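Quick notes on the structure that follows.
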Amino acid sequence: MPWNTFCWAHSIEEIRGAALDYVSENTDVLERDTVIFPKFNRDKCIGCGRCSVSCADGGHQAIRMNEDRRPVLNGKKCVGCHLCVLVCPQRAISSSRKRIAKP
Ligand code: SF4
Ligand code: SF4
């Protein structure tokens, strides 16, 4: 199975350094009271379900697929890890960029 089977990137170069803006010197500055929910673009979504499977594998079960095979977020379970964003082959999931108080 190719390394990027569950990742939107086509090459390592696309990923290298992508998280550098989020690196801090220590954990004292981590914001633990809010989460940033993923945002789904239903026009781009092909209904593969990878987001739902990865979220479940991560232990959160925050995404269910509806009867049209489109993801539906349960905000009470989402922790904002954005694993779903990484695995979407269509780049149909992005960060909402809106901080929400942790449920
Ligand atoms: S951000 Fe994490 S917890 Fe929230 S829906 Fe995506 S994979 Fe699940
Ligand atoms: S991973 Fe992307 S394309 Fe697949 S169901 Fe989720 S949002 Fe849709």
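Just so you know, all these numbers are worked out from the coordinates, no wet-lab data involved. Note that this is a predicted model, so its numbers are computed, not measured. Here Cβ is always computed from backbone atoms with ideal geometry, including for glycine, and neighbour counts include all displayed protein chains.
Things worth noting here:
- Members of segment 89-103 found to be hydrophobic (A, V, I, L, M, F, W, C), out of contact with any Ser or Thr (no Cβ under 9 Å at 6 or more places or on another chain) and within 12 Å of ligand 1 (Cβ to nearest atom), listed by number: ILE93
- Members of segment 21-56 found to be without any contact (Cβ under 8 Å) to a residue 40 or more places away in the chain, assigned to a helix (DSSP H, G or I) and within 16 Å of ligand 2 (Cβ to nearest atom), listed by number: SER52, VAL53, CYS55, ALA56
- One residue stands out among those in segment 47-97 that are over 14 Å from the mean Cα position of the chain (by Cα) and among the charged types (D, E, K, R): the one that is surrounded by the fewest Cβ atoms within 10 Å (Cβ to Cβ), which is GLU67.
- Residue count for segment 57-103, restricted to those that are in contact (Cβ under 8 Å) with a residue 60 or more places away in the chain, away from ligand 2 (no atom under 13 Å from the Cβ) and at positive phi: 1.
- Those residues of segment 65-76 which are within 10 Å of ligand 1 (Cβ to nearest atom) and among the basic types (Lys, Arg), in sequence order: none
- So CYS7, is it away from ligand 1 (no atom under 13 Å from the Cβ), in contact (Cβ under 8 Å) with a residue 40 or more places away in the chain and within 13 Å of the chain's Cα centre (by Cα): yes
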